[in-house]
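The values are calculated or read from the model by the stated rules, or taken from the named source; none is laboratory data. If you're wondering where the values come from, they're calculated on a predicted model, not measured in any experiment. With ideal geometry, Cβ positions are generated from the backbone for all residues, glycine too; neighbour counts draw on all protein chains shown.
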Amino acid sequence: MNPHTDFEEMRARLVQTLISQGVLRDDRVISAMATVPREEFVPRSQRGQAYIDAPLPIGYGQTISAPHMIAIMCQELDLKPGQKVLEIGTGSGYHAAVTAETISAGTGSLGRQVFSLEIVKELISFAEDNLRRTGYGDRVKVVETDGSLGYMEEAPFDRIYATAAPPGVPPPLIDQLKPKGILIIPVGEVGFFQELLKIVKKSPTEMTTARLGGVAFVPMRGRYGFRT
Ligand code: SAH
């Protein structure tokens, strides 16, 4: 058996399952999840589990999110080609690769459009290596910094999302969103109820917040996170 073909089959099967469950609906996100090899973003020991719809450990107490959660977040962000996107919490780099694939699908590479912030130094080289190996190194820029402060150097962004949960929405993330921009962020206490929020910036002073349901993310650290 060719392990490469096995992973492709498992990936196709997972995508089909998520479609039949009604989770995956957007064509661009479907094609991105059918393309990005999740097995290349998990530690070697976890490769066999890469296409189970569950979070997986990536070391340093962190996890790569479950595929259905990544699908939901990418769809709720309403990602479109050409957008500039900020991710807080690079982890393995997998979610950033799916985002990059979604906004560059069919258009070829449009250069660096995804900026991904990570606070754990050791995860930076892990993510960069995963992204380079899978062909996303030129589309995702990984930066070692406290993402709860956003990323002024490249602001404003069309879309921002966080893959770690702070106790409340960090104000810099709202500030760094373009008008009509969307922020998806899990918010809540460590070990207690967290909710996934979708904030749409209608104008520089007006926002709407939708509650997308209960979730479980690792805590966000840093200035507007938990000071662990
Ligand atoms: N998107 C990732 C999921 C990683 S889990 C993936 O696809 O694998 C969340 C990540 O957020 C962890 O790597 C954690 O170290 C990081 N994180 C936590 N607080 C942060 C902060 N203030 N700034 C940047 N990254 C942070």
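Once segment 21-52 is narrowed to residues that are away from the ligand (no atom under 14 Å from the Cβ) and in a loop (DSSP other than H, G, I, E, B), the residue that is surrounded by the most Cβ atoms within 10 Å (Cβ to Cβ) is LEU24. When segment 57-96 is filtered for residues that are among the hydrophobic types (A, V, I, L, M, F, W, C), in contact with a strand residue (DSSP E or B) (Cβ under 8 Å, 6 or more places away or on another chain) and near the ligand (Cβ under 8 Å from one of its atoms), the ones remaining, listed by number, are ILE58, ILE64, ILE88, ALA96. Residues that are among the β-branched types (Val, Ile, Thr), under 19 Å from the mean Cα position of the chain (by Cα) and more than 24 Å from PHE115 (Cα to Cα) within segment 183-211 are absent altogether. For segment 213-225, which residues satisfy the criterion of being more than 11 Å from the ligand (Cβ to nearest atom), surrounded by 15 or more Cβ atoms within 10 Å (Cβ to Cβ) and not in a loop (DSSP other than H, G, I, E, B)? VAL215 - this is the single residue of segment 213-225 that is more than 11 Å from the ligand (Cβ to nearest atom), surrounded by 15 or more Cβ atoms within 10 Å (Cβ to Cβ) and not in a loop (DSSP other than H, G, I, E, B).
Per the conditions (1) within 17 Å of the chain's Cα centre (by Cα); (2) away from the ligand (no atom under 12 Å from the Cβ), the sole criterion not satisfied by LYS180 is (1).
Among the residues of this structure, THR228 counts as one that is exposed (fewer than 15 other Cβ atoms within 10 Å of the Cβ) and either under 20 Å from THR102 (Cβ atoms) or modelled with pLDDT under 95 (or both).
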